[in-house]
Amino acid sequence: MRLRHPLATASAVAIMAAGVLLSPAALAAQQPSLECNGFTCANPIITGGVSAAYTTDQPGPDTVWGTPQVGLAETPADALDVEPGSTVTRTYEVTIPSQVSPTSPHRVSLLIENGTGLFSVPLDMRLHVTDAAGTELPGGTCTPAEQRLNAGEQVTVTCTVPEGGTRVTAFRRGSYGGEQLAAWTLASQTQPTPAAPATAPAVTVDGQSVAGTVDADGTWRGTAVVTRQAPDTNGAEATHTPEVTVDCAPVTAPSFRVTTKAAPAPVPSPTQSATGSEQDPTASASATEGPTAAAVSATASSRPQQKGSGTGSARLAATGPQTLGALTFALVLVGAGALSLRRTRRA
């Protein structure tokens, strides 16, 4: 509640417009005028009387935090072909816009002034919001609800206007209360841009609190760095999704993948490299023919061998010449025996 005495005489002069007496504050605020009805209203004929106008600073609507949005700052979001066991970090951005609450009431702020003049009297008022017929509406309260104004005093009143409310009415207060002193018909006042809620949202990412700021548009913005470990093996993949909450309610957050590099090809040792480069080309052919030769050898060894015959390839090779020599020697012995037999018969 504010009580103010009149300013200098020049600034307190009433200004007449369309039969309505306006205060200087209303003109400064460039707000619409308020039509007054009642026997105490200021008018050109009766000097002194009560008047009201919108204040420069009108109360804005109640606001609440809207739907949170969570996004990744990195593009692309996935971390591909990283080293096994390496650390991967991603930055998550949380934005929460503010919006007018659907249950926000309509409020107005008036500067009420009891003028000075021949017929000025103290006014003991009770203020309430009414409909066009003057019926008081539930919830149409004003702060302050009651006020005594002496001549030349002012008071700023803030009223909640429910549905159907069209006037701010001043009733006489006291033993003879209930009489309507003045009623101001409300016009569509210029409201300020809705401000962000006074209480910041409680945001957490993976259980850690996230600090943020509110920009000029009334949007809360905060960032959080999420750290994850890549799989310990090559050619593996993992998907990570942080847990995000706003005012204890879970919020969907985008995921990101982490893949590790494929296993590298085995690198031959220096000895193996040298041996492989100097290998005789015939070795591979021998290795290819090896099973056939082994099979032949195994077949030959399984056959029964004759007495006196040699073993191995050397003896097989010598069989022809040895047999020929033995036959020749036998023929010589037979010839010598026949010759000796003849000589004996002749004798």
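The values are calculated or read from the model by the stated rules, or taken from the named source; none is laboratory data. In this text, all values refer to a predicted model and were calculated from it rather than measured experimentally. Quick reminder, even Gly has a Cβ in these numbers, built from the backbone with ideal geometry, and neighbours come from all protein chains shown. With ligands, DNA and RNA removed, areas are computed over all heavy atoms of the protein, side chains included. Shrake-Rupley method; radii C 1.70, N 1.55, O 1.52, S 1.80 Å.
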Check: How many residues are within 16 Å of Thr91 (Cα to Cα) and outside any loop (DSSP other than H, G, I, E, B) if we restrict to region 222-244?
Finding: 11
Margin query: Show the residue pairs meeting these rules: Cβ distance below 7 Å; 6+ apart or different chains; first residue within region 230-255 and over 23 Å from Ala200 (Cβ atoms) and open to solvent by less than 40 Å² (accessible area, probe 1.4 Å); second residue among the small types (Gly, Ala, Ser) and not in a loop (DSSP other than H, G, I, E, B).
Written below: Pro231/Ala238
Next item on the list: Kindly provide the set of residues from region 121-154 that are in contact with a Cys (Cβ under 7 Å, 6 or more places away or on another chain) and among the aliphatic types (A, V, I, L, M), ordered by number.
Entry: Leu127, Val129
Checklist line | Any hit, region 115-123, residues being open to solvent by 50 Å² or more (accessible area, probe 1.4 Å), closer than 30 Å to Glu237 by Cα, touching a residue at least 40 places away in the same chain (Cβ under 8 Å) and not polar (S, T, N, Q) | finding: no
Next item on the list: Taking the residues in region 85-111 that are open to solvent by 50 Å² or more (accessible area, probe 1.4 Å) and not in a strand (DSSP E or B) as candidates, determine which candidate is nearest to Asp217 (Cα to Cα).
Entry: Pro102
Check: When the residues of region 256-270 are filtered to those that are outside any loop (DSSP other than H, G, I, E, B) and open to solvent by less than 100 Å² (accessible area, probe 1.4 Å), which remaining residue is farthest from Gln208 (Cα to Cα)?
Finding: Thr260
Note to self: If I go through region 168-181 residue by residue, how many of them are without any contact (Cβ under 8 Å) to a residue 60 or more places away in the chain and open to solvent by 20 Å² or more (accessible area, probe 1.4 Å)?
What the structure shows: 8
Notebook entry, point to check: more than 19 Å from the chain's Cα centre (by Cα) and either farther than 30 Å from Thr259 by Cα or open to solvent by less than 20 Å² (accessible area, probe 1.4 Å) (or both): does that describe Thr219?
Noted result: no
Checklist line | Only listed residue being at pLDDT 95 or above, in a loop (DSSP other than H, G, I, E, B) and small (Gly, Ala, Ser), chosen from Gly140, Gly117 | finding: Gly140
Item checked: Matching residues, region 182-195, being outside any loop (DSSP other than H, G, I, E, B) and crowded, with 19+ Cβ neighbours inside 10 Å -> Ala182, Ala183, Trp184
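Residues are listed down the side, and each one gets a yes or a no for (1) touching a His at 6+ places or on another chain (Cβ under 8 Å); (2) of a type in the set (Val, Ile, Thr):
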{"position": "Pro138", "(1), (2)": "no, no"}
{"position": "Pro144", "(1), (2)": "no, no"}
{"position": "Thr160", "(1), (2)": "yes, yes"}
{"position": "Gly164", "(1), (2)": "no, no"}
{"position": "Ala170", "(1), (2)": "no, no"}
{"position": "Ala187", "(1), (2)": "no, no"}
{"position": "Thr193", "(1), (2)": "no, yes"}
{"position": "Ala196", "(1), (2)": "no, no"}
{"position": "Gly207", "(1), (2)": "no, no"}
Item checked: Selection from region 130-158 of residues that are crowded, with 18+ Cβ neighbours inside 10 Å and touching an Asp or Glu at 6+ places or on another chain (Cβ under 7 Å) -> Thr130, Leu137, Gln154
